[in-house]
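S.K.: Encoded as structure tokens, here's the structure I'll be asking about.
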Amino acid sequence: MKNNKNTHKIKNKTNKNIKKQKISIQKKSLNTENIIPTKNLKIILLIVFFILFMLICRLFYLQIIDGPYLSSLASKTHTTSETINSKRGNIYDSTGASLAISEAVDTVSINPAKIKAKKDADTPALKEKVAKALSDIFELDYNDTLAKVNSSASSVNIVKKVEEDKIDKLKSWMKENNVNIGINIDEDSKRYYPYGNLASQVIGSCGTDSQGQSGIEYSYDSILRGVSGNLITSIGASKTEIPNSEQSFIPAENGYNLTLTLDIHIQRLVEKYLQEAVEEHSCSNGGNAIVMNPQTGEILAMASYPTYDLNSPRTPTSFYADNWDSLSSKEQYDRIFQMWKVRSVSETYEPGSVFKLITAAVALEENKATTDKPGDFRCDGAETIYDATIRCWYNQAPYFSSHGYESLREALMDSCNPSFMQLSKRIGAETLYKYYDAFGLFDKTGVGLSGEESGIFFDLNKVGPVELATMSFGQRFKITPLQMCNAICAIANNGNLLQPKIVKSMTNTDTGEVTNFDTKIVRKVLSSETAEKMKSMMESVVTGGTGKRAQVEGYTIGGKSGTSEPIASDKKAGYTTSFAAISPIENTQVVVLVTLYNPTGNSHQGGQTAAPVVAKILKETLPYLGIEPNN
């Protein structure tokens, strides 16, 4: 019994130990189960927070940084934009004659996605049919046209600026073949120049995109062109317009009309007589002429010869067509560009003895000479300066003589180089340069034509005695014909230098508002007394000097001839002859400058070649302007 009791106690003790161990194990198990979920939860939360952070960053990038771009992309994806062309402004002369106008034409475009048959299987055949019709009517390459018809673009241009007869053919084909959508015929305009060659370099022309490429058309392109409008339409997934959807419409702003200072009547007669002179004297480099009103700065005519047809601006005239087919593309382009140039502003030349007017005016203004002091200068046929002997034109064939003693008036009448070399020495280079600047010879005139050049002179510190001597009679420096003409206008206008003007006004074609370009006085260059003395001496040149051939019966004319010799390094350029004139002497209203390049005929003197051209121009221009005979 005792053993049984002990055994029972041992069992009970063992059972208690086992229970304790189980309880302990259970507690550990419970603790372990609690620990593991807590760790997992932290990891999961970290992952969730990381994902949320990345999503927030992505949303920030898409909304804030990339938002505008994506919005634009989405807009493009769901809208189509159609440009509404503005109408280019017209160009008129001062009398109201149309020099450049825009004629109504049409532009043909297609919406490839809209060109489809009732059955999808028939669409490819229809597109081929459309491509064939378009290529036949408008003389286009079939494969290129078919590629456009099959394009995925919402809109494709087929041909621009089409004449009415071809549009009628297209409309007939569309009606016969029941093609009502997908082919668009939009109103457009094409530039047309009613007078063809007249004032071609000044007016300029437009390219196929209706943008100016030369002359006024180029210089005032932003004013003439206007601003295109826009029509934005919503489209669906099939790239067709969504019915009843909102449209955004921005109307086009048409370009301004320009009225030039040119007078078509004067321009026509100037071009006529300039061409006659170029042909008569075999001027291998052509010529140009300018007619101005010195009281307003208005350019009444600006001509170059040869001209070209503004309606075919890339077709070379006979003057530029020599060996055309053998030229490279660049050489052809260079010739066309040369043909387009307004030479009166974009090319410089040595003005020759016409420039003696400036030297004489400076001398009078600075009291370095008077008009009629006897024997003030002496011409022995040549002037030797250092090692350079510069001869007077009168000491060459066929005369081989000299002018002897002369006053300033006589020196100007005879166009005596030695006398003016002596005069420039009295004045000095620094003073001459001060007046060159005052006359605007160092700067562009600001006339508003593209490609304008300014004068090319020696630096003042490099002007030695020889340079000073040659500058006195207009050689070894270069200016533009317009600079020369405008300087003479200052003399004719009581010493006031004006800014030359080619555009008189512009008109807003939408409102009718007119903006006038007023006369601009740049500065006072000479006193009125000096200007009057100069005009008197210029009259003497025409009545008894080298300008006799510029006389016009019934009118007082003043003028000066000019001839510049080619420099040794450029003998091919030949002589440049010119003549400048003013009329009438009192209350001068017209200034003319005619320049001929490399006359290869019987004479290379300005008084022989250019003066008669000036006389012909004045003979018709003065009465046309209502200027009564006064002599």
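S.K.: Out of (1) closer than 20 Å to ILE216 by Cβ; (2) modelled with pLDDT under 95, what's the single condition that is false for ALA301?
M.R.: (2)
S.K.: Tell me which residues, restricted to the range 491-529, are in contact (Cβ under 8 Å) with a residue 40 or more places away in the chain, among the basic types (Lys, Arg) and in a strand (DSSP E or B).
M.R.: Residues satisfying the conditions are LYS501, LYS504, ARG523.
S.K.: On to the next question. Is it fair to say GLU532 is in a loop (DSSP other than H, G, I, E, B), out of contact with any helix residue (DSSP H, G or I) (no Cβ under 6 Å at 6 or more places or on another chain) and within 24 Å of VAL362 (Cβ to Cβ)?
M.R.: No; evaluated as a whole, the condition is false for this residue.
S.K.: Taking only the range 161-216 into account, find how many residues are closer than 30 Å to LYS129 by Cα and in a loop (DSSP other than H, G, I, E, B).
M.R.: Total meeting the criteria: 9.
S.K.: I'd like the full set of residues that are free of Cβ contacts under 8 Å to residues at least 60 places away in the same chain and touching a helix residue (DSSP H, G or I) at 6+ places or on another chain (Cβ under 8 Å), limited to the range 585-601.
M.R.: Result: ILE585, single match.
S.K.: Do we have any residue at all in the range 490-505 that's farther than 30 Å from GLY96 by Cα, surrounded by 14 or more Cβ atoms within 10 Å (Cβ to Cβ) and either small (Gly, Ala, Ser) or modelled with pLDDT under 95 (or both)?
M.R.: Checked against the condition, which is being farther than 30 Å from GLY96 by Cα, surrounded by 14 or more Cβ atoms within 10 Å (Cβ to Cβ) and either small (Gly, Ala, Ser) or modelled with pLDDT under 95 (or both), the range 490-505 yields at least one hit.
S.K.: Hey, among GLY554, GLY547, which residue is touching a residue at least 24 places away in the same chain (Cβ under 8 Å), surrounded by fewer than 22 Cβ atoms within 10 Å (Cβ to Cβ), in the same structural domain as SER353 (by TED's automatic domain parsing) and of a type in the set (Gly, Ala, Ser)?
M.R.: The unique qualifying residue is GLY554.
S.K.: Would you pick out the residues in the range 472-483 that are in contact (Cβ under 8 Å) with a residue 60 or more places away in the chain and either part of a helix (DSSP H, G or I) or not hydrophobic (A, V, I, L, M, F, W, C) (or both)?
M.R.: Correct list: SER472, GLY474, GLN475, ARG476, LYS478, THR480, PRO481, LEU482.
S.K.: Within the range 373-380, is there a residue that is among the hydrophobic types (A, V, I, L, M, F, W, C), in a strand (DSSP E or B) and either outside the structural domain of ASP414 (by TED's automatic domain parsing) or free of Cβ contacts under 8 Å to residues at least 60 places away in the same chain (or both)?
M.R.: Scanning the range 373-380 turns up at least one residue that is among the hydrophobic types (A, V, I, L, M, F, W, C), in a strand (DSSP E or B) and either outside the structural domain of ASP414 (by TED's automatic domain parsing) or free of Cβ contacts under 8 Å to residues at least 60 places away in the same chain (or both).
Yes or no, residue by residue, for (1) in contact (Cβ under 8 Å) with a residue 40 or more places away in the chain; (2) more than 30 Å from GLY297 (Cα to Cα); (3) of a type in the set (A, V, I, L, M); (4) not assigned by TED's automatic domain parsing to the domain that holds MET534:
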| site | (1), (2), (3), (4) |
| --- | --- |
| ALA388 | yes, yes, yes, no |
| ARG391 | no, yes, no, no |
| ALA397 | no, yes, yes, no |
| SER401 | no, yes, no, no |
| PHE420 | yes, no, no, no |
| TYR435 | yes, no, no, no |
| LEU441 | yes, no, yes, no |
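The values are calculated or read from the model by the stated rules, or taken from the named source; none is laboratory data. Model, not experiment: these values are computed from the prediction. For neighbour counting, all protein chains shown are included, and Cβ atoms are generated from backbone atoms with ideal geometry for every residue, glycine included.
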